[in-house]
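The structure appears right after this line, and notes come after that.
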Amino acid sequence: GKKVLYVGDGNNMVHSWLELASVVPFEFVCCCPEGYAPSESAMESAANARLSTISISHNPMEAVKGADVIYTDVWASMGQKEEIEARLKAFDGFQVNAALMEATGKPETIFMHCLPAERGRECTDEVMEGKQSVVFQQAENRMHGQNAIILHCMGLL
């Protein structure tokens with residue numbers, strides 16, 4: 001199976017990955033600083049499905065080994081901007097950069113981000129614009145899905 005590594009805050013994006021892990025088998029690793037793990041209930045729900053391998057790590061260079069996908073998100077989401085200084089300190093060492101991408105040991109590893117990105121924080125320009133990045137294809141796919149939902153809600157599909 002595939003290994004997905006999420007690097008960052010155990011936020012809503014991680015919870016979505018955990019929901020997916022309940023119905024699609026893969027290895028999911030959430031790599032986050034101490035105190036920033038996803039909710040216990042989300043972890044338990046995914047684990048109880050007994051379909052995927054789920055773990056938490058606090059060491060990005062170890063967690064990344066063998067990853068097929070590296071996914072990240074902003075370190076301070078909406079409603080958390082007042083915590084930015086504490087978060088910058090806590091997330092030091094959790095940036096997705098060229099060294100982390102290389103540490104997978106797999107040149108075919110892809111990089112994903114849900115956007116908008118705060119370049120220079122959770123990821124570097126080099127990774128965002130690099131050949132392993134599928135961030136902009138990901139955004140385009142999301143746009144088509146959102147357009148379909150709008151058309152459905154309008155009764156046009």
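Tabulated results
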item	result
Length-normalised contact order of the chain in % [C-alpha pairs under 8 Å, at least 6 apart]	22
The range 1-128 - charge dipole about Cα centre, Lys and Arg +1 at Cβ, Asp and Glu -1, debye rounded to 20	280
Cα-centre dipole for the range 34-94 with unit charges at Cβ (Lys and Arg positive, Asp and Glu negative), debye to 20	140
Charge dipole of the chain about the Cα centre (unit charges at C-beta), most positive-ward option of GLY10, SER55, ALA21	ALA21
Karplus-derived HN-Hα couplings along the range 112-126 (A = 6.51, B = -1.76, C = 1.60, θ = phi - 60°), whole Hz, x at Gly and Pro	10, 8, 7, 6, x, 9, 10, 4, x, 9, 6, 8, 9, 4, 4
The chain: calculated mean residue ellipticity at 222 nm from DSSP helix runs of at least 4, using -39500 (n - 2.57)	-10000 deg cm²/dmol
Cα-Cα pairs of the range 1-72 separated by more than 13 Å (percent)	58
Over the range 109-157, volume per residue of the alpha carbon convex hull, in Å³	74
Long-range HN-HN contacts of ILE110 with modeled amide H, under 5 Å	VAL69, ILE70
Longest to shortest principal axis, alpha-carbon extents of the range 70-144, angstrom	36, 33, 15
Semi-axis lengths (Å, descending) of the ellipsoid that matches the C-alpha gyration tensor of the chain	24, 20, 18
Placed amide H near SER57: partners under 5 Å, 5+ positions off or other chain	CYS30, CYS31, CYS32
Residue-by-residue Karplus 3J(HN,Hα) for the range 8-20, coefficients 6.51, -1.76, 1.60, Hz, glycine and proline x	x, 6, x, 9, 4, 5, 5, 4, 5, 4, 5, 5, 4
Exposed-site-free run, longest, the chain (rule: trypsin sites (Lys or Arg not before Pro); DSSP loop; at most 14 other C-beta within 10 Å)	66-130
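No value in this document is a laboratory result; all are computed from the given coordinates. What you are looking at is a predicted structure, and each value in this text was computed from that prediction instead of being measured. We place every Cβ from the backbone using ideal geometry, glycine too, and count neighbours over all the protein chains shown.
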